[in-house]
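S.K.: First the structure, which I've put down as structure tokens, then a few questions once you've had a look.
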Amino acid sequence: MRSRIVLAVVLGWALVAFAGVYEGHRTCDYCHMFLDHEDFGGRLKTVQGKTLIFDASECMAAFSLSKIDPKEIRALRSVDHAHPGKLLDAKRAWYLRSDARPSPMAVNLSAYASRAEAERARTALGGDVLTWDQVMELIKQRWFKGKVD
């Protein structure tokens with residue numbers, strides 16, 4: 001009986017943590033880390049109207065590749081690194097992958113509204129400018145070793 005209670009408490013805690021909130025802090029819907037970087041992250045809206053929140057563009061890409069049917073995605077938005085309160089259409093944004101600008105999940109992606117902004121950041125920091133399709137391919141290779149389509 002006691003083991004059932006302990007199991008119920010542990011499972012309840014896990015469900016709360018995986019639901020996107022832990023001890024009052026919002027967590028990433030992919031990696032479950034606390035959201036504490038305003039200049040990184042993203043939002044995915046489903047066709048049912050549910051909004052999922054991510055601490056890094058790489059988490060949003062990984063979730064899109066492995067945890068949801070693409071037909072269920074209504075919109076993908078990345079946080080504009082230059083304007084943290086602004087969300088960009090992830091598929092139209094430009095991304096800088098630079099080790100000089102570490103992101104929460106260490107792929108080091110930051111999003112920008114235009115290629116020119118991303119290129120300015122690349123000139124200052126080094127790295128590579130990527131499109132969303134290139135981000136998806138990078139995550140596919142780096143995190144999934146090419147095992148997802």
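S.K.: Kindly identify region 70-149 as rounded, prolate or oblate by the Cα gyration tensor criterion: order the square roots of the eigenvalues as a ≥ b ≥ c, call it rounded if a/c is under 1.5, otherwise compare a/b with b/c, prolate if a/b is larger, else oblate.
M.R.: Working: a/c = 1.94, a/b = 1.23, b/c = 1.58.
Because a/c hits 1.5 or more and a/b fails to exceed b/c, region 70-149 counts as oblate.
S.K.: When Lys and Arg each count +1 and Asp and Glu each count -1, what net charge do the other residues less than 10 Å away from Phe40, Cβ to Cβ, add up to?
M.R.: Around Phe40, the charge tally is -4.
S.K.: Quick one: grab the alpha carbon gyration tensor of region 16-149, order the square roots of its eigenvalues as a ≥ b ≥ c, and give me rounded if a/c is under 1.5, else prolate or oblate depending on whether a/b is larger than b/c. Walk me through the numbers on the way to the answer.
M.R.: On the way: a/c = 1.55, a/b = 1.34, b/c = 1.16.
Taking the square roots of the gyration eigenvalues as a ≥ b ≥ c, region 16-149 is prolate.
S.K.: Roll a 1.4 angstrom probe over the protein heavy atoms and tell me the percent of accessible area of region 14-149 that is carbon or sulfur. Walk me through the numbers before you get to the answer.
M.R.: Values: 3680 of 7280 Å².
Exposed carbon and sulfur together represent 51 percent of the surface.
S.K.: From the phi angles alone, apply the Karplus equation (6.51, -1.76, 1.60; θ = phi - 60°) to region 66-83 and give each ³J(HN,Hα) in whole Hz, x where the residue is Gly or Pro.
M.R.: 10, 10, 8, 6, x, 5, 8, 8, 8, 8, 10, 10, 10, 6, 6, 4, 6, 9
The values are calculated or read from the model by the stated rules, or taken from the named source; none is laboratory data. Just so you know, these numbers come straight off a predicted model, no measurement behind them. Cβ sites come from the backbone with ideal geometry, for glycine too, and all protein chains shown count toward neighbours. Each accessible area value is taken on the protein alone, full model and side chains, heavy atoms only, with ligands, DNA and RNA left out. Shrake-Rupley method; radii C 1.70, N 1.55, O 1.52, S 1.80 Å.
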